[in-house]
Amino acid sequence: MNKKVYIRTFGCQMNLADTEIISSLLQDEGYVMTDSEESADLVILNTCAVRENAVEKIMNMLDNLKGKRRLRPNLLVGIIGCVPQYYREKMFSMTDGIDFLAGPDTYRQLPFLIENAEQGIRGANLAFVPEETYAGIEPVRTGSISTFVPIMRGCNNRCAFCVVPFTRGKERSRPMKSVIEEVGQLAEKGYREVTLLGQNVNSYFDDDARCGFAELLERASLAAEGVRIRFTTSHPKDISESLVRVIAAHDNICNTIHLPVQSGSTRVLKLMQRGHSREDYLEKTAMIRSIIPGVTISTDLIAGFCGETVEDHRETLSLMEEVRFDFSYMFCYSVRPGTYAAKHLPDDVAEEVKKQRLEEIIALQNRISGELHAAEIGSIHEVLAESESKRSREMLMGRTGTNRVVVFDRNGYSPGDLVDVRIQSATSATLLGNPE
Ligand code: SF4
């Protein structure tokens, strides 16, 4: 009888894409995926270590699973991804009820770890495998309209607050040929949108094919005519004019760029080891806007990083006013043990001050998003319908090429359709409209 496996995924799109690869590996071993923890013989938590509360979530879930194991003693539990890679075998002593651990580079070893666990042998494989890209594994995709294609893994940057280099290892790029083949196959299968994924896609480089990211993106857009091509995440110091010109030259490459800045203060950016200044960032966003009219830019912002003064915070707010981001992922700085900041920089901004600054950043972002969205009322946008709206089954939810969320009356359309929608009203998060 085929054993059932339930995978719960936390964190970023990279983890979602990894879960699709893991599902494929386990299906080859005869496992059947289930979306209910209750009916599973094996529960796998694919984890994220970016913020402290991410780890707390895992510990709470493990406590909950311990209860289930008392009722179902044969239930196996595996913790994979960035948390075990970060805490390593110490996790076995942090909490009981874990049968195996695996890191982002060792998912091919999962069948062995599970087999051992079934014989009561607890194990961990947390090796870094510098050449591993899982190229050639056909992911078990969750969506049928929009999907991810990881093009690289790991990161060679050393941002002072970030755990990713310690959990995902050094950068390695997938062969250009395997990426373009996969994008072409997805177009043939009827996917309407493909997002190329990497921690820092701008530093993608296939040594054998001598192919950088701008060329890869161009080839992807030509391999999937009529399919929307998106990519994330970029690093300001690596984004090039040649890449921006490729985006402008191809209609099916979406006019939106996620460009994390983290802080508006050059002094703080230096402390963060981001490798660029406020001025560099403003130059890059001006270059992008001059080449791609109507492009939207989104970002990541950290409030209360080590040593951040009121003046530094004001520089973040003024940079937001100047760039006018479409939306931002906004967080308080949280210390991640093992990072440069944790070792060498004092976490000296008081929690309540961090929270206060984050509130100001969020309030400003909501104001700007609201203004940008209000300016769209009366305009017509091509929207890729993704699903029914949570508001009503008579409404669909989708996104514009510029990555704005639109909810509109169904009018006979279905998820997967490209619909011209006239915008009738707007909030800071959503545009509302009717098909033209
Ligand atoms: S670029 Fe910096 S923030 Fe992004 S994953 Fe790499 S180290 Fe982390």
Given a 1.4 Å probe, the accessible area of the chain per residue, as a whole number of Å², is 43 Å²
Rounded to the nearest 10 Å², the accessible area of LYS4 using a 1.4 Å probe with every protein chain kept is 80 Å²
Of every hundred units of 1.4 Å-probe accessible area on the stretch 59-133, the number belonging to carbon and sulfur atoms, as a percent, is 50 percent
For the stretch 380-435, the percent of accessible surface on carbon and sulfur atoms (probe 1.4 angstrom, ligands and nucleic acids excluded) is 43 percent
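Could you work out what % of the accessible surface of the stretch 235-302 is carbon and sulfur, using a 1.4 angstrom probe and leaving DNA, RNA and ligands out of the count?
Details: 1280 of 2480 Å².
Using a 1.4 Å probe with all protein chains present, the stretch 235-302 comes out at 51 percent carbon and sulfur.
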Counting only DSSP beta bridges fully inside the chain, the antiparallel percentage to nearest 5 is 35 percent
For the chain, any Cys whose C-beta has no other cysteine C-beta under 4.7 angstrom counts as unpaired, and these are CYS12, CYS48, CYS82, CYS155, CYS211, CYS254, CYS306, CYS332
The alpha-carbon center of the stretch 298-348 and that of the stretch 17-33 are separated, in whole Å, by 38 Å
Violations at 23 Å Cα threshold for listed pairs LYS57/LYS90; LYS270/LYS343; LYS170/LYS237; LYS66/LYS355 -> LYS66/LYS355
When all Cα-Cα pair distances of the stretch 146-374 are considered, the percent exceeding 24 Å is 47 percent
Rounded to a whole number, the Stokes-Einstein D of the chain in µm²/s (Kirkwood radius over Cα pairs; 20 °C; 1.002 mPa s) is 93 µm²/s
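The values are calculated or read from the model by the stated rules, or taken from the named source; none is laboratory data. Small disclaimer: the values here were computed from a predicted structure and weren't measured. When we count neighbours, we look across all protein chains shown, and the Cβ atoms used for this are built from the backbone with ideal geometry, even at glycine. Accessible surface is based on the protein model in full, side chains and every heavy atom, while ligands, DNA and RNA are left aside. Shrake-Rupley method; radii C 1.70, N 1.55, O 1.52, S 1.80 Å.
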